[in-house]
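The values are calculated or read from the model by the stated rules, or taken from the named source; none is laboratory data. All values derive from a computational prediction rather than experimental measurement. Cβ placement follows ideal geometry from the backbone for every residue including glycine, while neighbour counts extend to all protein chains displayed. The area values use the complete protein model at the heavy-atom level, side chains included, leaving out ligands, DNA and RNA. Shrake-Rupley method; radii C 1.70, N 1.55, O 1.52, S 1.80 Å.
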Amino acid sequence: MEMEERITDEETFGYYLDFTRQEVITRIVSNPENQENWDLAQKIINMEKDSGFYNPDNWKAII
């Protein structure tokens, strides 16, 4: 997928969001001192809230 392309399909967006969330959570669990991962998690949470995909249960491993 080229950078100019946008994901417009809600199911595809959800898939990529789930994958990204799990990757960030894995990084935080394996290295909780890395502030960049925590900052990235907060950005993703904010994006989820803005797009209506936020579910706190998805983040329970680190919250």
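Counting just the residues of the stretch 7-47 that are among the small types (Gly, Ala, Ser) and surrounded by 13 or more Cβ atoms within 10 Å (Cβ to Cβ), which one comes out farthest from Lys60 (Cα to Cα)?
If we filter the stretch 7-47 for residues that are among the small types (Gly, Ala, Ser), which is where we start, we get 14, 30, 41.
Checking the rest, the ones that are also surrounded by 13 or more Cβ atoms within 10 Å (Cβ to Cβ) come to 14, 41.
Numbers: Gly14: 18, Ala41: 12 Å.
In this case the residue turns out to be Gly14.
Just name the residue that is most open to solvent (accessible area, probe 1.4 Å) out of those in the stretch 48-63 that are assigned to a loop (DSSP other than H, G, I, E, B) and within 14 Å of Glu23 (Cβ to Cβ).
Just the residues of the stretch 48-63 that are assigned to a loop (DSSP other than H, G, I, E, B), to begin with: 52-55, 60-63.
Checking which are within 14 Å of Glu23 (Cβ to Cβ) leaves us with 61-62.
On the way: Ala61: 73, Ile62: 30 Å².
The extreme case among them is Ala61.
So, in the stretch 45-63, of the ones that are touching a residue at least 12 places away in the same chain (Cβ under 8 Å) and farther than 16 Å from Glu10 by Cα, which residue ends up nearest to the chain's Cα centre (by Cα)?
Here the residue is Ile45.
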